[in-house]
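**Student:** After the structure tokens below, expect a handful of questions from me.
No lab work stands behind these numbers, since they all come straight from the coordinates. Keep in mind that what you see is a predicted model, and the values were worked out from it rather than measured. Positions of Cβ are generated from backbone atoms using ideal geometry, with glycine treated the same way; all protein chains shown enter the neighbour counts.
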Ligand code: SF4
Ligand code: SF4
Ligand code: F3S
């Protein structure tokens, strides 16, 4: 209670804002408690009241005042084509500002598959040459929290861990926190007994679908997807894609847009 709250700068590059949409729905802890009691969210151009020059002044002030001591949270990614002109933020290419803010940060969090891997804007043919943030930030520790979007409680869980223990969570070889990304959806899926028994959905709305059989033959990517959906679930633990009747599309995996996760014909 007496510790000063750690400053956080939350920047947005090429993205859809659903990582923020997910974050604000965290139930454990509540997003409001994270923002109002746990961290000092000094800059977030999506949800802050300030705009324009006022917001820019806050950004620079936070950077100067907390040099080397703030966490840089990044949603989205920088496009490199045409000198970064496809994403202009505060009148300058986002890639420049991202590098600048990262250089004075303590550590960086890559929210979602955009910041972690590139996601939809980096899908072939990637006209803007969008890249994951670790391609341009080379000298800071980066925690990757992939998912499109990531689970709200995974996002707030990562922040809580850093605040509680004063260090970064243990990461895997790809930079993801092991506590949330060390198991595949398939490992803890409640439909797994049907997979083991060879009971599969063969067509949408067939008898197997009505009985809740395994969705592997309908393209479920659970066996190759590392995420916490089958344990943590979504919406405060209520459900997750497979529970609502559709296979996992592997949204937390690198390059999932180019790996056959979607229907290519109707
Ligand atoms: Fe949106 Fe997905 Fe990117 Fe998050 S990772 S900003 S949900 S496109
Ligand atoms: Fe595995 Fe998907 Fe089947 Fe679940 S529905 S058991 S994740 S293949
Ligand atoms: Fe994404 Fe698969 Fe979870 S599609 S939300 S990783 S079940």
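**Student:** Collect the residues in segment 195-239 that are within 13 Å of ligand 2 (Cβ to nearest atom), surrounded by 12 or more Cβ atoms within 10 Å (Cβ to Cβ) and assigned to a helix (DSSP H, G or I), keeping them in residue-number order.
**Tutor:** Across segment 195-239, the qualifying residues are 195, 208, 209, 216, 217, 218, 222, 223, 224, 229, 230, 231.
**Student:** List pairs: first in segment 165-187 and on the phi > 0 side of the Ramachandran plot, second more than 16 Å from ligand 2 (Cβ to nearest atom) and in a helix (DSSP H, G or I), Cβ under 9 Å, 6+ apart or cross-chain?
**Tutor:** Taking only residues 6 or more apart or on different chains, the pairs are 175/116; 175/134.
**Student:** Can you tell me which residues in segment 216-246 are free of Cβ contacts under 8 Å to residues at least 60 places away in the same chain and near ligand 3 (Cβ under 8 Å from one of its atoms)?
**Tutor:** Once the filter is applied, which keeps residues that are free of Cβ contacts under 8 Å to residues at least 60 places away in the same chain and near ligand 3 (Cβ under 8 Å from one of its atoms), segment 216-246 yields 221, 222, 225, 230, 240, 241, 242.
**Student:** Could you give me the residue pairs with C-beta distances under 8 Å whose first residue belongs to segment 10-30 and is on the phi > 0 side of the Ramachandran plot, whose second residue is more than 16 Å from ligand 3 (Cβ to nearest atom) wherever it lies, and which are 6+ apart or on separate chains?
**Tutor:** Sorted first by the residue in segment 10-30, then by its partner, the pairs are 17/46; 17/75.
**Student:** Continuing with the same structure: Mind telling me which of the residues 155, 179 ends up being assigned to a helix (DSSP H, G or I) and within 16 Å of ligand 1 (Cβ to nearest atom)? If you could, list the steps in order and put the result at the bottom.
**Tutor:** Values: 179 fails: within 16 Å of ligand 1 (Cβ to nearest atom).
Being assigned to a helix (DSSP H, G or I) and within 16 Å of ligand 1 (Cβ to nearest atom) holds for just one of 155, 179, which is 155.
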